[in-house]
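First up is the structure itself, then whatever we jot down about it.
Read-outs: derived from the displayed coordinates by stated rules, not from any lab. Everything quoted here is computed from the prediction, not taken from an experiment. All Cβ positions, even for glycine, are placed from backbone atoms using ideal geometry, and neighbour counts span all protein chains on display.
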Amino acid sequence: IAGPCVIESREMALDLAKRLTALSKKLKVPYYPTATIGWDCTARGTVTEPWGFGPYPWTGVITGTCPKNFKRTLERLKRDAEKNKTDMILINSWNEWTEGSVLEPEEEYGFGYLEAVRDVFGVKGKTK
């Protein structure tokens, strides 16, 4: 997929974090950082509009996602949360199969996304 609707996951995450942090300060409400595994709603919507906020289904397709990049995102969000004294980070989503946003084990990466969550937020030294 290529076109104005496609955005690299890292670029999207940094842009969105900047926008939401500014909005949070303006509205004087907390900002809870959110990590996503990916997003591709082309099964439900159009792919001809540029990335941005809009009605469901949003038109953007997020590319470049994999457990390694997801782990980097979680590490950055954890640092940001600690710096901003935020006690919560959200993860979208457990099983949005149609939109390509799946945290649960799957064929391509197995437990990779869950392992990234464990590696970043798990209790050190604890195993099964």
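Observations, loosely collected:
- Less than 5 angstrom separates the built amide H of Thr63 from those of Ile7, Glu8, Ser9, all sequence-distant by 5 or more or on a different chain.
- Taking 20 Å as the limit for the C-alpha separation, the pairs Lys25/Lys71; Lys18/Lys68; Lys28/Lys83 exceed it in the case of Lys25/Lys71; Lys18/Lys68.
- Remark: the Glu115-Leu23 segment gains 29.9 nm on full extension, using 0.36 nm per residue and subtracting the alpha carbon distance.
- With a simple spin-label model that places each label point 7 Å from the Cα along the Cα-to-Cβ direction, the separation between Asp80 and Ala43 comes to 2.8 nm.
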